[in-house]
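Below is one structure, written out as structure tokens; the observations come after it.
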Amino acid sequence: MIGRGGLAAKLLENELKLPPMPSGFGRGAGVGRAAMSRSLAMNGPPGHFIRQPNKCSIPGGTAAKGGAAMGPPLLVSTGGTAEITTTLNKLTVSDDTELPSRPGYAEDGVSIPIITNFIKVKFTDTDVFQYHITYDPPVDSKFLRHKLLEPRLADNRAWRFDGAILYSSAQLPSQGYFTSLKENTGEDITMRYTLTKTISIEKCIPLLNIIFRTVLSKLRYTRMGRNLYDPARSVHIPKHKLELWPGYVTSVSQLDGGFMLQTNVSHKMLRTDTVMDMLLEIHKTQPHNLQSRAVKEIVGHVIMTRYNNQTYRVDDIVWDETPRSCFEDRRGNKISYIEYYRDQYSIVIKDCSQPLLLHRMKPKRGQSQQEERLIYLIPELCAMTGLSQSTMDDFMVRKDIVAHTRLDPRDRIKAIKGFICNVKESPEATEELRRWNLHIDDETLHVQGRVLESEQIIFGGGGNTHTVGERADFSQATTVNAPLTPVNLDNWLLVCTQRDQNKGRDLVTVMKEGARKLGMRVAAPVVLPLRDDRTESFIRAITSNHSNDVQLVVTIVPSDRDDRYNAIKQLCYIDIAIASQVIRTRTLSQPQKLRNVVQKIMLQINAKLGGELWACNIPLGNAMIVGIDTYHDPTSRAGSSFTGFVASMNKITTQYFSTSREEERGQEFSSSLQNMMTAALQKYLEKNAKLPERIIVFRDGVSEGQFSVVKQYEVAQFEAAFSHLEGGYKPQLVVVVVQKRIRTRMFYSEGEGNRGKVMNAPPGTVLDHTVTSDTLYDFYLVSQHVGKGTVTPSHYVVVHNTSTLKPDHIQKLSYKLTHMYWNWPGTVRVPSVCLYAHKIAYMHGQHLHRPAAPAMSDRLFYL
């Protein structure tokens, strides 16, 4: 698979045709850091970064505000897409959107004891006074704002300040002001406060979260971004300039079982080198490929500003801006970045000619999608986080990192209990809780969960079945059972270099042997040997030899090259509509593993040709199951995202309609869902001679704050698609948001007391009470077996429901679908339709950049 950053780098290099560096350029030539930075700007393409006239910015702060139709749908009025796009741009999300509440609790399954990573929070209800604080003149540094205010509130009252809002247990006058001296400039700063509201502490979740972050700071933890870490226990890996900080992530929520503090172990991977160090290293090793290489290594990655421990994702490198550049501050004065950092943070920038990094802030809830906020950052003040590609390729470094970060259930529970003990034993932490009348339990929360019945996997060959074991792995069964619908491979092309012809012959031999076990027939291919491995040679060979009878093109490539891979896929999937399988030479280079590798390739090929591999029993009748996900290319300069849409076409969900549509850059919510749903319903009608009675949509990639947007905007598009069909078509509709990046953990407790064994919850474990929402219809599901480390459940939230399905039905359906991803003979974390939607969106966003040929829509060509 081609790396994510490779495409943007290669396209940038090819399209911009960057001029070579001046002769003698480099550190060895005595040019130095400033000259390297000047060369970066000099070689930047004209107009690469265009500052939009209605957008301005401040460094390390915020700025001022600044799909194609799917063809003629069945019985649908035209022109819907433009109207939908306009609706998105003007969308105002209401906070009081009515989401479905839980209709009851499910009952199916065997009850088991579960340990969670939640801690019960108890408190005495108290009033909290909330004040808005403004600074005159403005102070951007949050640390400095806090430092100036703290002496004026140093008494026995309980108070917390988040940089703009002051929470206090004692009432101040409704309006007033404090003054403090700004030491580095000698200015008098006036801090004006205004009472905004009085609120009960139980309704002030932001304050509770601030209090517990303060508790962590009392334990001498350092805040980094939103979380706190312990630098005293940091682990250094000097070989690759890495530093690992352990810490905790905490959040308070009001849940079904009351107020809970969710606590999880976290690790922050820091690199001791700065972004400027990386730019210098790239220039030293690849001076003629500097900008495209910098894009690949830096854009899309997360950095940390050491002066305030905030993290940002780099969205662009602004080559024609430097620290000498000026911007307009909040008072309307022109100020350079050099002056800004000197005044706000007492930092002297060393290299005044380096380019700037750009971070685009996403609009907050309720803001227009057009309101873009820009943050400019200085490379020498930014530390890289995460792992570079060279580090990820180093097995020993990965092994050392995993040894510290991959905690098994027992160690993770031990660490969480250690957090509780540290709080209880710290006088400063307990005093902070006492001042707010808060108390936490001595143990993590224990509840009862349920384990659903093991699934039966249905194969071909006369209805052979296999019961999934406790590890939810049926890979062995796929080697001895034929697919549900095997497809014979009678006419296909094999393209490889002359040097790889022997590997091609071995591949064909093993494919023919394996085909007999799978109930398939594989004929001899048309072999097209090439004299070289140039992209043009592969494209010319395929173009000259394809025909309408050719089912598949297999290419054996000697190495990973983005341009070659993209060109092959674009030719096969867009221009000539033929299934494609790209295999690296290295994959076929180990004879002892060749049979296992080829067997997996054969299953993948069968799926790409329209075959069906395996199924589960899904007793829903006339239903269509849909998966939706959005892919954002972190390194794309084209500024686009892609939404993948996959819908099942038969009862056992083994036939699919797949499509993907381009969206505006960074846009999570699609404006093309009405058209995609219409096309799916048209295809369903063609295949089944009737429309589905039920439609169940699984929507991936949506955060908790966006549930209302799904309800108001995306569900509205589905209903619009239904309303345009004749006969008053109105199916039962269920829309389920699937969240996989969550901090909830669930452990199975075998035995009692200290001797009890703690392990991962088994596949099929469901929890739908106590730690779930007190207002939403949600549940947690563990679908995978994890051999090492801690399993992460997935969170399912029903945001729309007009069906008669019970909670048991939705939970069982979700678990069944995790068995149906044909790239893996076992269970996956989310329903298969979500993974398929992600795969097709990724294929379009990373490799195709244009819609695939319509003939490919009924095949899983993107596997």
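The values are calculated or read from the model by the stated rules, or taken from the named source; none is laboratory data. Keep in mind that what you see is a predicted model, and the values were worked out from it rather than measured. As a convention, Cβ positions derive from the backbone with ideal geometry for all residues, glycine included, and neighbour counts pool all protein chains shown. We work out accessible area using only protein heavy atoms, side chains counted, and drop any ligands, DNA or RNA first. Shrake-Rupley method; radii C 1.70, N 1.55, O 1.52, S 1.80 Å.
Label reach from Ala855 (point 7 Å along Cα→C-beta): in segment 576-607, amide nitrogens under 19 Å belong to 576-582, 605-607. Determine, from the Cβ-Cβ distance of Ser426 and Asp549 and an R0 of 56 Å, the FRET efficiency 1/(1 + (r/R0)^6), rounded to the nearest 0.05. The computed FRET efficiency comes out at 0.15. For the residue pairs Lys711/Lys740; Lys517/Lys569; Lys512/Lys593, alpha carbon separations beyond 25 Å are given by Lys517/Lys569.
Counting only protein heavy atoms and a 1.4 Å probe, tell me what percentage of segment 458-547's accessible area is made up of carbon and sulfur. The computed percentage sits at 46.
Going down the table (Lys120/Lys816; Lys197/Lys334; Lys399/Lys608; Lys690/Lys816; Lys147/Lys414; Lys651/Lys806), which pairs top 31 Å between alpha carbons?
Lys120/Lys816; Lys197/Lys334; Lys399/Lys608; Lys147/Lys414
For segment 263-304, pairs of C-alpha atoms spaced more than 12 angstrom apart make up 65 percent of the total. Straight Cα distances below 17 angstrom link Lys122 to the lysines Lys203, Lys424, with same-chain residues fewer than 8 positions distant left out.
According to the Cα-based calculation, Rg over Rh for segment 716-863 is 1.05, with Rh computed by the Kirkwood formula. A Förster radius of 25 Å, combined with the Cβ-Cβ distance separating His288 from Arg534, puts the computed FRET efficiency at roughly 0.75.
Simple spin-label estimate for Lys417 and Glu686 gives 6.1 nm between the two label positions (7 Å along the Cα-to-Cβ direction from each Cα).
A cut-off under 11 angstrom between Cβ atoms defines the neighbours of Arg829, and their net charge, with Lys, Arg +1 and Asp, Glu -1, is +1.
The label point for Arg665 and the one for Gln498, both projected 7 Å from the Cα toward the Cβ, are 4.6 nm apart. Rounded to the nearest whole Hz, the Karplus-based 3J(HN,Hα) values (6.51 cos²θ - 1.76 cosθ + 1.60, θ = phi - 60°) of segment 559-570 follow the sequence 7, 7, 9, 4, 5, 5, 4, 4, 5, 5, 5, 5, with x at glycine and proline. Our estimate of slack between Lys593 and Asp575, defined as 0.36 nm per intervening residue step minus the Cα-Cα distance, is 3.0 nm.
Dipole check for segment 247-347: with +1 at the C-beta of Lys and Arg, -1 at the C-beta of Asp and Glu, and the Cα centre as origin, the magnitude is about 160 Debye.
Looking at segment 645-797, the pairs of alpha carbons with a distance over 19 Å make up 64% of the total. Calculated on the Cα set of segment 430-557, radius of gyration then Dmax: 27.1, 79 Å. With viscosity 0.890 mPa s and temperature 25 °C, the Kirkwood radius over alpha carbon pairs of segment 601-730 converts through Stokes-Einstein to a diffusion coefficient of 153 µm²/s. Basic side chains Lys and Arg get +1 at the Cβ, acidic Asp and Glu get -1 at the Cβ, and with that the dipole of segment 365-521 about its Cα centre reaches some 700 debye.
3J(HN,Hα) along segment 260-270, derived from phi through the Karplus expression 6.51 cos²θ - 1.76 cosθ + 1.60 where θ = phi - 60°, amounts to 10, 9, 8, 10, 9, 6, 9, 9, 10, 8, 10 Hz, with x in place of Gly and Pro.
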